Amino acid sequence: MSEMLQEKKKERCERIPDAEAMRRVREHNDTIAAKTGTRPGAFVLTFGCQQNEADSEHIAGMCREMGYTVVSSPEAASLIMVNTCAIREHAEKKALSIVGQYKHLKAKNPSLIVGVCGCMVAQEHRREELKHSYPYVDLVFGTTVLHEFPTLLLEKMTAGRRRFCADVADHVVPEDMPVIRESSYRAWVSIMYGCNNFCSYCIVPYVRGRERSRRREEIVAEVKELIAQGYRDITLLGQNVNSYAKGSGWGYDFADLLAELDAIEGDYTLHFMTSHPKDASSKLIDVMACGKHIAHHFHLPMQSGSDAILKKMNRHYDRERYLSIVRELREKIPDITLTSDIIVGFPGESEEDFEATLDMLSTVRFDMLYSFIYSARKGTPAAEMEQVPPKVQGERFDRLLALEHQIASENNANMVGKTVRVLCDGVSKNDESTLSGRTDGNKLVFFHGEAQTLTGHFVQVKIERAEPFGLYGEIDN
Ligand code: 5AD
Ligand code: SF4
């Protein structure tokens, strides 16, 4: 990119990775490649949500710009980057345990660089822990400074010192980040970063900073380019996409953005996540109902069915408001697939509160649920509230799963005999004789066909048999 363009982007407070830092790391790696005949490898490991997966695709892209080959095993790497998650304790424990295993690789290869980035290390106590208990970790930085990765890596390489970056740059909207996308037909497109909601259980606003949105013209250009490259399934990402461009004074909102993207010609489907019920608007539902390319799928995290718990969670809606959105969605888009997130065992949750959640499940009959046992996150208000004993949390979680299983089975059974559009993902991981794919509503479908010609393409599948978490059928074009 020209220097003038770089300057223009900076003026708009949009940052790109430092081209000079990338060039210098590349020079270093070119020299190694010339001497040894092999390019140094970079291994990127990802924990957590789709936003992290999207971030990792940019880490991989920057690695390639810097002269690394992206490799699929840590043993083959000269640079290891672990992109961490902090949403629940389990995710942090898993990441730390994996980082622990890299000690042996570093002992065998002292020039190996080990980096840890992402949400977990945006917390000071985790950075301190890595600094003191993981002396072989060289590079640590949080999500808001992802674009600084090349600069930090160069500093580590030239000064030789470990680099622990405590900076928070939550006013920055990175643009023109190099990228290696995992798939050639499914793509993530971040439309905004951060969150302003401060739900009382959630660490995200602390680790990803305040909400900031990308400009509409940047997003439209990226999506147009993806469609031109043959991408079929594009998911717009943000912690709360419904508040896209809020307070920006730009004169447009998420529904306007979605309508503009939907108007692009091509054979593709648009998804978005995540929506907060407090901001889900009739205007958005209308745009979805009239859309040509917008998946009839709404992921609307409910978290709890108890008004008292929703209040304690700082969610700003109640059961009635949630149900009114569901009613409007089903009225205007009868074939809508509804999915949700539920937290079980939030502090102070009584048996009655929990039963209110079960009652909402039976009322709404979600197509799919992502359910979680509450995990106390240091620094969040809920961590200071009276906790529900783990045994009670576990029992409630099992009861929730049993009900979800029953509802999912019944919902899926209703699909038998119907023909659905499926984006084929190729050979199924569990059964080599079968192909798998996903419907617009993200339901898993198994069918027969030729992987080579169908992978990455839409097919019509007539459903013949249903299991709680999968549908089975044959192509019916
Ligand atoms: N404990 C359990 N689940 C959580 N989530 C967010 N924070 C926590 C926590 N502390 C869940 C919410 C959110 C999803 C991404 O993760 O349901 O919607
Ligand atoms: Fe967390 Fe709530 Fe923001 Fe979602 S909306 S990221 S749950 S604080």
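Listed values, structure above:
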read-out	value
P(r) of the stretch 104-242 over all Cα-Cα pairs, binned every 10 Å from zero, in whole percent	11, 33, 31, 21, 5
Charged-residue dipole, Cβ positions (Lys, Arg, Asp, Glu), the chain about Cα centre, Debye nearest 20	1300
Considering only the stretch 432-477, percent of DSSP beta bridges that pair antiparallel, nearest 5	85
The chain: calculated mean residue ellipticity at 222 nm from DSSP helix runs of at least 4, using -39500 (n - 2.57)	-12000 deg cm²/dmol
Accessible surface, the stretch 55-178, averaged per residue in Å² (probe 1.4 Å)	40
Shape parameters for the stretch 13-64, alpha-carbon atoms, Rg then Dmax in Å	13.7, 41
Summed residue charge, Cβ within 10 Å of residue 346's Cβ, Lys/Arg positive, Asp/Glu negative	-1
Folded to 0 to 90 degrees: helix 216-228 orientation relative to the chain principal axis, Cα	90
Loop GluC sites (Glu not before Pro), the stretch 245-337 (other Cβ atoms within 10 Å of the site Cβ: 16 or fewer; DSSP)	265
Normalised alpha carbon radius of gyration of the stretch 423-477 [divisor 2.2 N^0.38 Å]	0.98
Surrounding net charge for residue 115, when Lys and Arg each add one and Asp and Glu each subtract one, Cβ distance under 11 Å	+2
Global form of the stretch 145-207, assessed from the alpha-carbon gyration tensor, a/c cut-off 1.5	oblate
At 0.890 mPa s and 25 °C, Stokes D of the stretch 32-138 from Kirkwood alpha-carbon radius, µm² per second	172
Summed side-chain charge close to residue 337 - residues other than residue 337 whose Cβ falls under 9 Å, Lys, Arg +1, Asp, Glu -1	-2
Folded to 0 to 90 degrees: helix 89-108 orientation relative to the chain principal axis, Cα	30
Overall Cα dimensions of the stretch 213-271, principal axis frame, Å, largest first	34, 19, 15
Degrees between helix 149-159 axis and first principal axis of the chain (Cα, 0 to 90, nearest 10)	30
Translational D in µm²/s for the chain (Stokes-Einstein at 25 °C, 0.890 mPa s, Kirkwood Rh from C-alpha pairs)	102
Kirkwood estimate for the stretch 286-357, i.e. one over the average of 1/r between Cα atoms, Å	13.4
Beta bridges per DSSP with both ends in the chain, % antiparallel, nearest 5	35
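The values are calculated or read from the model by the stated rules, or taken from the named source; none is laboratory data. Just so you know, these numbers come straight off a predicted model, no measurement behind them. Every residue, glycine as well, gets a Cβ built from its backbone with ideal geometry; the counts of neighbours run over all protein chains shown. All accessible areas refer to the heavy atoms of the entire protein, side chains included, with ligands and DNA or RNA removed. Shrake-Rupley method; radii C 1.70, N 1.55, O 1.52, S 1.80 Å.
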